[in-house]
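Chemist: I have a structure I would like to understand better, so I am pasting it below and will then ask my questions one at a time.
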Amino acid sequence: VSVAPRVSAVGQTIHFSGRLLGGPFPGTGKLLVLEARAPGGPWIEFDVVRSSSRGHFTASYRFRFPGPASYQFRVVSEPESDYPYARGSSAVVGVRER
């Protein structure tokens with residue numbers, strides 16, 4: 001997963017993009033869970049998005065609370081009947097809020 005920008009502020013939006021590595025993919029895409037946390041804290045689900053039929057996905061998040069703070073984000077893929085791979089998650093990416 002990639003995220004841009006890596007430094008943001010309250011009211012600004014960050015954008016996520018990436019793709020699943022395993023296929024074949026369901027024709028309607030694969031559900032993906034976006035999670036965030038403060039470093040060392042528990043993961044909190046903040047969005048669910050659907051990939052394309054080729055495994056590509058995009059998402060965005062707008063910061064609502066003033067910083068400064070650091071956050072970590074990841075994307076989680078859960079097994080589904082038409083995508084029977086084990087649960088997996090992306091690499092963790094960091095974003096700093098000013």
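The values are calculated or read from the model by the stated rules, or taken from the named source; none is laboratory data. The model shown is predicted, which means the values in this text are computed figures rather than measured ones. Positions of Cβ are backbone-derived with ideal geometry, glycine not excepted, and every protein chain shown enters the neighbour counts. Each accessible area value is taken on the protein alone, full model and side chains, heavy atoms only, with ligands, DNA and RNA left out. Shrake-Rupley method; radii C 1.70, N 1.55, O 1.52, S 1.80 Å.
Chemist: So how many residues does the range 64-98 have that are closer than 17 Å to Ile14 by Cα and charged (D, E, K, R)?
Modeler: Number of matching residues: 5.
Chemist: Here is a follow-up. Applying the selection to the range 53-67, what residues are small (Gly, Ala, Ser) and open to solvent by 20 Å² or more (accessible area, probe 1.4 Å)? Before you say what the answer is, go through the steps one by one.
Modeler: From the range 53-67, those small (Gly, Ala, Ser) are 53, 55, 59-60, 67; that's our starting set.
Across the range 53-67, the qualifying residues are Ser53, Ser60, Gly67.
For (1) open to solvent by 60 Å² or more (accessible area, probe 1.4 Å); (2) of a type outside the set (Lys, Arg); (3) touching a Lys or Arg at 6+ places or on another chain (Cβ under 8 Å), each residue gets a yes or a no:
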| site | (1), (2), (3) |
| --- | --- |
| Leu32 | no, yes, yes |
| Val48 | yes, yes, no |
| Ser51 | no, yes, yes |
| Val93 | no, yes, yes |
| Arg96 | yes, no, yes |
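Chemist: Here is a further query. From (1) open to solvent by 80 Å² or more (accessible area, probe 1.4 Å); (2) at pLDDT 95 or above; (3) under 19 Å from Ala86 (Cα atoms), pick out the condition that doesn't hold for Leu21.
Modeler: The failed condition is (2).
Chemist: Also, I was wondering about something else. Quick check: is even one residue across the range 37-45 at pLDDT below 95 and either out of contact with any Phe, Trp or Tyr (no Cβ under 7 Å at 6 or more places or on another chain) or open to solvent by 70 Å² or more (accessible area, probe 1.4 Å) (or both)?
Modeler: Yes, some residue in the range 37-45 is at pLDDT below 95 and either out of contact with any Phe, Trp or Tyr (no Cβ under 7 Å at 6 or more places or on another chain) or open to solvent by 70 Å² or more (accessible area, probe 1.4 Å) (or both).
Chemist: Can you list the strands (runs of 3 or more DSSP E) lying wholly within the range 13-88 that have 1 or more residues being out of contact with any Leu (no Cβ under 6 Å at 6 or more places or on another chain) and of a type in the set (Ser, Thr, Tyr)?
Modeler: Here the list reads 13-19, 56-62, 69-77.
Chemist: Among the residues of the range 74-87, is any closer than 20 Å to Gly23 by Cα, hydrophobic (A, V, I, L, M, F, W, C) and buried (at least 16 other Cβ atoms within 10 Å of the Cβ)?
Modeler: For the range 74-87, residues closer than 20 Å to Gly23 by Cα, hydrophobic (A, V, I, L, M, F, W, C) and buried (at least 16 other Cβ atoms within 10 Å of the Cβ): present.
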